[in-house]
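J.: Dropping the structure in here first, questions after.
None of the figures in this text is laboratory data; all of them are computed from the coordinates on show. Keep in mind it's a predicted model, so treat the numbers as computed, not measured. Here the Cβ is made from the backbone with ideal geometry for all residues, glycine too, and neighbour counts use every protein chain on show.
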Amino acid sequence: MIVDAYRKDVNDVLARRLRDPAQRETVVSAVMEGFESLEKKAVPDLDWRLRDMEDKVRKLAENVELGFVNGRLVVKVAGSSESLIKQLRFGSDWFEPWPKVDEVLLAAILVDPEK
């Protein structure tokens, strides 16, 4: 009972953080910085793909949630953002996998935005 109340309070705090535009911008910056370090294939429309990726990451930052599942803090997303996370984790036809994307997301959500 106490544990459930604690989890609810923590979930509420995390949800409040993600409603803050500065926090979402921190998430976008961290994810895009990490993404830029990934190896990419030479594709003719790379600039467009990078802009499209940033748009998708911005949408992800608006839809991401953190919460406890089976006693573990996890990143939760749905819809197209879930597809994006899977693509980032396992790579695509134009960029290498990024197995630590969840950790970067979590850290970006928990770190206070720069003022």
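J.: May I have the count of lysine pairs in the chain with C-alpha atoms under 17 Å apart, counting pairs 8 or more residues apart or located on different chains?
T.: The number of close lysine pairs in the chain is 10.
J.: Rounded to the nearest 500, what is the chain's calculated 222 nm mean residue ellipticity when only DSSP H runs of at least 4 contribute -39500 (n - 2.57) each, over all residues?
T.: Value at 222 nm, helices only, nearest 500: -20500 deg cm²/dmol.
J.: Now for a separate question. Between Ala78 and Asp20, what is the label-point separation in nm under the 7 Å Cα-to-beta-carbon projection?
T.: Going by the 7 Å Cα→Cβ label model, 2.5 nm.
J.: Just add up the charged neighbours of Leu50: K/R +1, D/E -1, any other residue whose Cβ is under 9 Å from the Cβ of Leu50.
T.: -1
J.: Then there's this: What does the charge add up to near Ile85, with Lys and Arg as +1, Asp and Glu as -1, over the other residues with Cβ less than 11 Å from its Cβ?
T.: Value of the local net charge: +2.
J.: Across bins of 10 angstrom width beginning at 0, how are the C-alpha pair distances of the chain distributed, in whole percent?
T.: Cα pair-distance distribution for the chain, in percent: 13, 44, 29, 11, 2, 0.
J.: Something else about it: Relative contact order for the range 40-113: what percent, with Cα pairs under 8 Å and sequence separation of 6 or more?
T.: Answer for the range 40-113 is 26 percent.
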